[in-house]
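The values are calculated or read from the model by the stated rules, or taken from the named source; none is laboratory data. Since this is a predicted model, take the numbers as computed values, not measurements. All Cβ positions, glycine included, derive from the backbone under ideal geometry; neighbour counts span all protein chains shown.
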Amino acid sequence: MGIIDIKNITVELAKKTILQDMTLNIIQGEVLAVIGPNGCGKSTLLKTVARINSCKKGSVEFEGANVQSFSHRQFARRLAILTQDPEAPPDLTVYDLVKLGRFPYRSWYSSNNKEDDEQVAWALAQTSMIQMKKRLLATLSGGERQRAWIAMALAQRPQVLLLDEPTTYLDICHQLEVMQLLKKLNQELGLTVVMVLHDLNHALQYSQRIAVMKAGRIVKVGEPREVITDQLLKDVFKVKADTFIASNGMQAILPLDLIKI
Amino acid sequence: MKSNSTDTVGTAERYGISRNIWRMVVLVFFAVLAILGVFLSLTKGSMNISISDIINILQSPINSASSQIIWNIRMPRTIVGALVGVNLALSGAILQAVMRNPLADPHIIGISSGAGLAGVVIMILFPAMEYLITPIAFLGAMGAAICIYILAWKNGIKPVRVILAGVAVASFLGSGISGLMIFYSDRVHGALMWMVGGLAARSWPQVTIIWPYALVGLILALLGARYLNILQLGDEMARGLGVNVEFVRIALTAVAALLAASAVSVVGLLGFVGLIVPHAARLLIGSDYRFLLPASALLGVGVVTLSDTFARVVFSPIELPVGIIMAFIGAPFFLFLLRREL
């Protein structure tokens, strides 16, 4: 049993089946990368785990309990999600954004307390955003903004963090910054990280397991080296690629050509 | 919602003024504007009455002409104007967040028309039930809001669809209002005045109608400020943060509908207050609803009382309905926002 068990879920959006009888366990303390071609249902999977979408059949369980059995706030204290390219008012400061992460801990009448302030400070420290806490979100670079959002999610003190393409729109340097931050949070805090990625090399470098999706189903799950094979790249992504060992000892791929059918 | 409309707070910060001090300055400025509006509204008119006279009259009501004017005409009219300003401004500010549209205003998107149609039906067909006018106008407003959601819903709320659906709902319901008014023209007094929204002849009965709703609406809106802040992050992030988005959206829409309906019940279809005021306030104080809502309420008082005084005094002895002034300022402002935000 994992920290999250996805059991035979079928998800429909606007009467279209997006996920079909899917089963996947997420193990406590791991970094799991979800990869797959566009439109295969990766984002839908994350949103279903986060209860943003509901499933037509099957269930998602968090530590053995159906996610629907939690209250909204209870659930937000256990699991945080960063959707792709979230929006915010441009005059929001980093500090105020991170403070919103404390929402699940506050009842509708209570105001900020010391605990909240400490947790916000902690989340800013974890993401190296203390210096920038008074900056407006609109004035940050893409990488800094992504770190601010991660800080907000950390302020929820979740056990599991879901991220939908956290490095899209970022340059290589900022991409690595975000990936290394997530790795650090995983190692130091034991945070379980599930992320949808497009860059297979990131998935290879930074995740302990990779789940490959195609057309609403899981094709393969396992350790990066076992999963990412020439055959899989051909079957799922329709590309021909070289796989090789990089100088840091990790596996890497280089796509070479499209496979025409 | 890509918006440049919130630069000012950031600018203040760049010049080394702390955010909260700047916010206080803005609130004080809006409060001064509100007080100025109330004073001008009390002192100016066909007979100018000085402030010292007003203070004397308020302390000991005497049976003079100026006392009559203050107590029976200007005082209640000013109070109604101020509360209508508060209600419409708050309603607009709330709708802009829950409908995720910077142009959402109870008048433009037909929520006022929903309240208006329900109100006109009561006034014309069931005049004996006039005491129920605000609750029924509220149902009309809520009905219009639900129609807009149903029409605009497509995998979530799309800002452009909201405004288009709202304009359609507004003109549909508006035709109902006009039709009823033409069929029963003998039963409608001051119909024209009501259609554009005016404060003429509004007195203590209208004060009694509106103040409880203004008070309850203000309290509920302020309690909703935190939820409104989170809704600005989008539905999915809001849900991820533990907000019951569907419930919060319906509840806050109901608060906005209640505020708009009580305003419509007393002054008719007064437009653009809910558009201009929250935006002007947002421009200066930023988009944090804990500050934006009180700022909008204060500015709403100032804008409506000043506009009404202007409408009464400038073309004297002809008195324009305040709605004409609001539309005159509001329509260009709407276009300005349209260019800037959508």
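Of all residues in the range A:60-72, count the ones that are in a helix (DSSP H, G or I) and surrounded by fewer than 18 Cβ atoms within 10 Å (Cβ to Cβ).
2
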Original post:
How many residues does the range A:223-261 contain that are under 23 Å from residue A:30 (Cβ atoms) and assigned to a strand (DSSP E or B)?
Top reply: 5
**OP:** Kindly list, by first and then second residue, each pair from a residue in the range A:174-185 that is of a type in the set (Lys, Arg) to a residue that is in a helix (DSSP H, G or I), limited to pairs with Cβ atoms under 8 Å and residues at least 6 apart or on different chains.
**Re:** A:183/A:206
Original post:
For residue A:210, which of the numbered conditions (1) away from chain B (no Cβ under 14 Å); (2) more than 14 Å from the chain's Cα centre (by Cα); (3) surrounded by 23 or more Cβ atoms within 10 Å (Cβ to Cβ); (4) not charged (D, E, K, R) fails to hold?
Top reply: (2)
Subject >> Selection from the range A:4-55 of residues that are among the hydroxyl-bearing types (Ser, Thr, Tyr) and either in contact with a helix residue (DSSP H, G or I) (Cβ under 7 Å, 6 or more places away or on another chain) or assigned to a strand (DSSP E or B) (or both) >> reply: A:10, A:17, A:23
Original post:
Among the residues of the range B:38-84, which ones are surrounded by 15 or more Cβ atoms within 10 Å (Cβ to Cβ) and not in a helix (DSSP H, G or I)?
Top reply: B:44, B:45, B:49
**OP:** Restricting attention to the range A:80-99, report how many residues are touching a residue at least 12 places away in the same chain (Cβ under 8 Å), acidic (Asp, Glu) and at the interface with chain B (Cβ under 7 Å from one of its Cβ atoms).
**Re:** 1
Subject >> Hey, residue A:1 aliphatic (A, V, I, L, M), part of a loop (DSSP other than H, G, I, E, B) and either more than 17 Å from residue A:156 (Cβ to Cβ) or touching a Gly at 6+ places or on another chain (Cβ under 8 Å) (or both) or not >> reply: yes
**OP:** Determine, yes or no, whether residue B:116 is farther than 25 Å from residue B:237 by Cβ, among the small types (Gly, Ala, Ser) and over 15 Å from the mean Cα position of the chain (by Cα).
**Re:** no
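Among A:177, A:226, which is out of contact with any strand residue (DSSP E or B) (no Cβ under 7 Å at 6 or more places or on another chain) and more than 23 Å from residue A:142 (Cβ to Cβ)?
Sole residue among the options that is out of contact with any strand residue (DSSP E or B) (no Cβ under 7 Å at 6 or more places or on another chain) and more than 23 Å from residue A:142 (Cβ to Cβ): A:226.
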**OP:** Determine whether residue A:56 is more than 21 Å from residue A:165 (Cα to Cα), surrounded by fewer than 20 Cβ atoms within 10 Å (Cβ to Cβ) and touching a Ser or Thr at 6+ places or on another chain (Cβ under 9 Å).
**Re:** yes
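In the set A:135, A:51, A:77, A:102, which member is in contact with a Pro (Cβ under 6 Å, 6 or more places away or on another chain) and either at the interface with another protein chain (Cβ under 10 Å from one of its Cβ atoms) or more than 26 Å from residue A:197 (Cβ to Cβ) (or both)?
Numbers: A:135 fails: in contact with a Pro (Cβ under 6 Å, 6 or more places away or on another chain); A:51 fails: in contact with a Pro (Cβ under 6 Å, 6 or more places away or on another chain); A:102 fails: in contact with a Pro (Cβ under 6 Å, 6 or more places away or on another chain).
Testing whether each residue is in contact with a Pro (Cβ under 6 Å, 6 or more places away or on another chain) and either at the interface with another protein chain (Cβ under 10 Å from one of its Cβ atoms) or more than 26 Å from residue A:197 (Cβ to Cβ) (or both) leaves just A:77.
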Original post:
With respect to the numbered conditions (1) closer than 21 Å to residue B:130 by Cβ; (2) without any contact (Cβ under 8 Å) to a residue 60 or more places away in the chain, which one is the sole condition not fulfilled by residue B:210?
Top reply: (2)
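Checking the conditions here, which among A:104, A:158, A:90 is closer than 24 Å to residue A:29 by Cβ and either at pLDDT 95 or above or part of a loop (DSSP other than H, G, I, E, B) (or both)?
Numbers: A:104 fails: either at pLDDT 95 or above or part of a loop (DSSP other than H, G, I, E, B) (or both); A:90 fails: closer than 24 Å to residue A:29 by Cβ.
Just a single option satisfies the conditions, and that option is A:158.
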Subject >> the range B:1-42, subset modelled with pLDDT of 80 or more and more than 24 Å from the chain's Cα centre (by Cα), residue nearest to the other protein chains (Cβ to nearest Cβ) >> reply: B:19
Original post:
Which one is nearest to residue A:97 (Cα to Cα) among residues in the range B:216-233 that are within 12 Å of another protein chain (Cβ to nearest Cβ) and among the small types (Gly, Ala, Ser)?
Top reply: B:225
Original post:
Does the range B:302-318 hold any residues that are aliphatic (A, V, I, L, M), more than 17 Å from residue B:271 (Cβ to Cβ) and in contact (Cβ under 8 Å) with a residue 24 or more places away in the chain, and which are they?
Top reply: B:313
Subject >> Residue list for the range B:240-254, filter: touching a helix residue (DSSP H, G or I) at 6+ places or on another chain (Cβ under 8 Å) and more than 14 Å from chain A (Cβ to nearest Cβ) >> reply: B:253, B:254
**OP:** Go through (1) farther than 29 Å from residue B:104 by Cβ; (2) surrounded by 13 or more Cβ atoms within 10 Å (Cβ to Cβ) and name the single condition residue B:88 misses.
**Re:** (1)
Original post:
Restricting attention to the range A:9-23, does a residue exist that is in contact (Cβ under 8 Å) with a residue 12 or more places away in the chain and at the interface with chain B (Cβ under 10 Å from one of its Cβ atoms)?
Top reply: yes
Original post:
When only residues in the range A:123-170 that are of a type in the set (Ser, Thr, Tyr) and touching a residue at least 60 places away in the same chain (Cβ under 8 Å) count, which is nearest to residue A:52 (Cα to Cα)?
Top reply: A:168
